[in-house]
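Reading through the structure tokens given below for one structure.
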Amino acid sequence: MSYKAKIADAAALGVAIQQARLAAGITQRDLAERLGTTQRYVWELEAGKDSKAITRIFEALRETGVTVTLDVPEGPRG
């Protein structure tokens, strides 16, 4: 079974990223290291912290009729 989500804003994106990370069996710190960023950044992303860039991306998607859906596989990938 997998986790499927319609992604329409920063909050939904954050939840999906968190679920994907948990399914992969990795910590926020692990993900941050893989991305070359900080654990705080990953935490903010998962918490749905909005930014001008994310807001504009979702505005552009809505205006062009695009729907984003993520399918997060179950189980560790790590």
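Given H placed 1.01 Å from N in the peptide plane, which residues other than close sequence neighbours of Ile7 have an amide H under 5 Å from its amide H?
HN-HN under 5 Å from Ile7: Val68, Thr69, Leu70.
What does the net charge come to around Lys6 if you take all other residues with beta carbon closer than 15 Å to its beta carbon, with K and R at +1 and D and E at -1?
Counting the neighbours of Lys6, the net charge comes to 0.
Tally Lys/Arg at +1 and Asp/Glu at -1 over every other residue whose Cβ is under 13 Å from the Cβ of Thr69; what's the total?
Residues close to Thr69 contribute a combined charge of +1.
Hey, what's the Kirkwood Rh for the chain if you take every pair of different alpha carbons, in angstrom?
13.1 Å
Count charges around Thr38 for me, please; just the other residues with Cβ under 11 Å from its Cβ, Lys/Arg as +1, Asp/Glu as -1.
0
In whole Hz and in residue order, list the ³J(HN,Hα) couplings for the stretch 14-21 that follow from phi through the Karplus curve 6.51 cos²θ - 1.76 cosθ + 1.60, θ = phi - 60°; x for Gly and Pro.
With the stated coefficients, the stretch 14-21 comes to x, 4, 5, 5, 4, 5, 5, 4 Hz.
How much mean residue ellipticity at 222 nm does the chain get from its helices, if each DSSP H run of length 4 or more adds -39500 (n - 2.57) and you divide by all residues, to the nearest 500 deg cm²/dmol?
The helix-only estimate for the chain comes to -16500 deg cm²/dmol at 222 nm.
Explain nothing, just the number: dipole magnitude of the chain about its Cα centre with +1 on each Lys and Arg Cβ and -1 on each Asp and Glu Cβ, in debye rounded to the nearest 20.
It comes to approximately 80 debye.
Where a number appears in this text, it was derived from the coordinates with a stated rule and is not lab data. Just so it is clear, the structure is predicted and the values come from calculations on it, not from any experiment. Here the Cβ is made from the backbone with ideal geometry for all residues, glycine too, and neighbour counts use every protein chain on show.
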